[in-house]
1. Give me Ser169, Ser164, Ser72 sorted ascending by neighbouring Cβ count inside 10 Å, so fewest comes first.
2. How big is the charge dipole of the chain about its Cα centre, in debye rounded to the nearest 20, if each Lys and Arg gets +1 on its Cβ and each Asp and Glu gets -1 on its Cβ?
3. For Ile142, which sequence-distant residues (separation of 5 or more, or a different chain) have an amide H within less than 5 Å of its own amide H, given hydrogens modelled in the peptide plane?
4. Once you charge only the Cβ atoms, +1 for Lys and Arg and -1 for Asp and Glu, what is the size of the charge dipole of segment 3-50 about its Cα centre, to the nearest 20 debye?
5. Set the Förster radius R0 to 35 Å, insert the Cβ-Cβ distance between Ala126 and Ile3 as r into 1/(1 + (r/R0)^6), and round the FRET efficiency to 0.05.
6. Report the label-to-label distance for Ile51 and Thr39 in nanometres (one decimal), using points 7 Å from each Cα along the Cα→Cβ vector.
7. Under a straight-distance cross-link criterion of Cα-Cα below 25 Å, which lysines are reachable from Lys100, leaving out those fewer than 8 residues away in the same chain?
8. Express as a percent, rounded to the nearest 5, the fraction of DSSP beta bridges in segment 1-156 (both residues included) that run antiparallel.
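Only the coordinates and a few stated rules stand behind these numbers; no lab work does. Keep in mind that what you see is a predicted model, and the values were worked out from it rather than measured. Cβ sites come from the backbone with ideal geometry, for glycine too, and all protein chains shown count toward neighbours.
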Amino acid sequence: MTIIDQLIHGFSRLPGVGKKSAGRIVYFLLKADTEYLNTLADLIKRLKPSIRTCMVCGTYTESELCNICSDSGRDSEHICVVEESKDVQTIESTGVFNGKYHVLGGVISPIDGVGPEDLSIRKLLARLTPNSNDVEVKEIIIATNPTIEGDTTALYLVNLLKNSDIVVSRLALGLPVGGDLEYADKLTLSRSLNGRTKLSKDG
């Protein structure tokens with residue numbers, strides 16, 4: 001295989017990128033200036049060594065704490081629980097949520113061998129245990145995708161927190177069943193956040 005063929009094959013493995021799109025990327029890069037290519041290659045090379053997960057919420061960051069967890073201006077009483085780090089970015093793009101996040105790192109999926117113990121649920125529970133220096137959490141907003149696995153995970157969390165004084169809610173209807181938060185438009189996602197459904201009693 002030529003270098004061009006290898007690059008097309010490599011790019012076609014990216015999510016949402018088919019062989020034709022991969023080809024367009026490669027031929028674009030062939031016409032790009034050397035400085036741009038070197039900068040891009042350097043960033044890709046540094047990506048994994050430079051990125052870690054936030055010690056509190058689990059999203060990707062370059063430091064121990066992400067910029068949201070370290071922001072004293074954010075509302076610590078509300079935590080939005082999402083499947084992956086990319087979901088944090090999606091919800092942040094709406095500009096309607098000023099709380100904090102917790103990234104599960106996936107969803108419960110028995111067929112894939114993923115159980116509750118494989119997710120960051122223990123860390124979530126630890127965040128809900130009030131300490132003298134922490135703000136008490138009042139609401140957990142479950143923002144898992146409207147899929148079978150997302151619903152299963154949401155139900156597990158609801159049952160886990162049913163005896164607590166914390167309000168548990170979930171994004172309102174409006175997101176397509178089987179869809180992904182990543183592909184929801186900002187207006188739909190904003191309405192889903194603002195019109196979220198309460199799944200547990202307050203106190």
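1. Ser72, Ser164, Ser169
2. 340 debye
3. Val81, Ser169, Arg170, Leu171
4. 260 debye
5. Calculated value: 0.10.
6. 1.9 nm
7. Lys48, Lys86, Lys123, Lys138, Lys162, Lys186, Lys198, Lys201
8. Percent antiparallel among DSSP bridges in segment 1-156 is about 25.
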